[in-house]
Amino acid sequence: MSIDMFIEPDKDPRTEPPTRGGERETLAGFLRWHRETLELKCSGLDAAALATRSVEPSSMSLLGLLRHMADVERSWFRRFMAGQDAPPLFYSKEDPDGEFDGARPDPALVAEAWQAWREEIAFADQFVAAAPDLDVLGQRRDASRGPMSLRWVLNHMIEEYARHNGHADLIREAIDGATGD
């Protein structure tokens with residue numbers, strides 16, 4: 001193992017997606033793996049490290065990414081798919097970058113972000129498991145795309161995590177030199 005890797009490959013806590021599962025199981029498996037990847041990239045850091053900004057003038061940080069992904073999960077699964085009145089947790093019209101700008105080195109903010117992220121994932125996982133199939137349409141229409149299926153949302157969430165996990169790789173490496181597998 002390289003001294004600066006997150007974890008030895010044989011101790012990787014992430015669950016591999018199924019190699020021969022059905023479509024729902026495969027999509028859910030890749031989404032779970034990417035969620036676990038973000039969690040792994042944030043592991044072992046204190047509030048100050050999690051709130052460390054990537055590069056000026058960006059306000060992106062690992063804590064900001066965690067808060068952002070909690071709101072992304074909330075938006076797609078609670079608001080769009082389930083049709084719930086679920087306002088954003090970490091940003092607003094008045095503060096559109098609140099997810100990142102509000103990410104400060106405060107242990108209470110870190111705990112709040114982890115709790116929100118885990119709650120939104122639990123809701124999303126329950127929604128996906130209960131859906132009759134992947135063709136179910138969201139209860140709300142996307143302003144630019146119109147109605148969208150659960151299949152589209154799952155693929156989009158995988159893409160969203162994949163992109164931000166790339167950001168998380170670079171931020172984590174800048175914090176302590178740790179790199180991912």
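The values are calculated or read from the model by the stated rules, or taken from the named source; none is laboratory data. Note that the structure is a prediction, hence the values are computed from the model and not measured. Accessible surface is based on the protein model in full, side chains and every heavy atom, while ligands, DNA and RNA are left aside. Shrake-Rupley method; radii C 1.70, N 1.55, O 1.52, S 1.80 Å.
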Debye intensity ratio in log₁₀ form over the Cα atoms of the chain, taken at each q of 0.10 Å⁻¹: -0.41
Roll a 1.4 Å probe over the protein chains and send me the accessible area per residue for the chain in Å². 52
Taking every pair of alpha-carbon atoms in the range 57-160, what share in percent sits in each 5 Å bin, from 0 to the bin with the longest distance? 2, 12, 22, 23, 18, 12, 7, 3, 0, 0
So the angle from the long Cα axis of helix 62-73 to the longest Cα principal axis of the chain, reported in degrees to the nearest 10, equals 0
Spelling it out for Met60: with amide H atoms placed in the peptide plane at 1.01 Å from N, the residues 5 or more places away or on another chain with amide H under 5 Å from its amide H are Ser54, Val55
Long-range amide H contacts for Asp142: which residues qualify at under 5 Å (H placed 1.01 Å from N, peptide plane, sequence gap of 5 or more or a different chain)? Met148
C-alpha long axis of helix 23-42 to longest principal axis of the chain, angle in °: 20
Of Val55, Val72, Val128, the most mobile residue in a GNM of the chain (C-alpha springs, cutoff 10 Å) is Val55
Enter the angle in degrees (range 0 to 90, nearest 10) between the Cα long axis of helix 107-130 and the first principal axis of the Cα atoms of the chain, meaning the one along which they spread out most. 30
At 1.4 Å probe size, what's the solvent-accessible area of Trp114? Round to the nearest 10 Å². 40
So the pair-distance distribution of the range 111-174, from every Cα-Cα distance in 10 Å bins, comes to percents of 17, 38, 33, 11, 1
By accessible area with a 1.4 Å probe, ligands and nucleic acids excluded, highest first: order of Ser61, Ser144, Ser43: Ser144, Ser43, Ser61
Specify the inter-centroid distance of the range 28-57 and the range 126-179, based on alpha-carbon positions, in whole Å. 15
With a 1.4 Å probe and all protein chains left in place, how much of the accessible area of the chain comes from carbon and sulfur atoms, in whole percent? 53
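Average projected area of the Cα convex hull of the range 1-100, in nm²? Each step should come with its number before you reach the end.
On the way: hull surface 36.2 nm².
In nm², the orientation-averaged hull projection of the range 1-100 is 9.1.
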Probe 1.4 Å, all protein chains in place: accessible area of Glu173 in Å², nearest 10? 90
Quote the accessible area belonging to Ile121 in square angstrom, nearest 10, computed with a 1.4 Å probe and with ligands, DNA and RNA left uncounted. 20
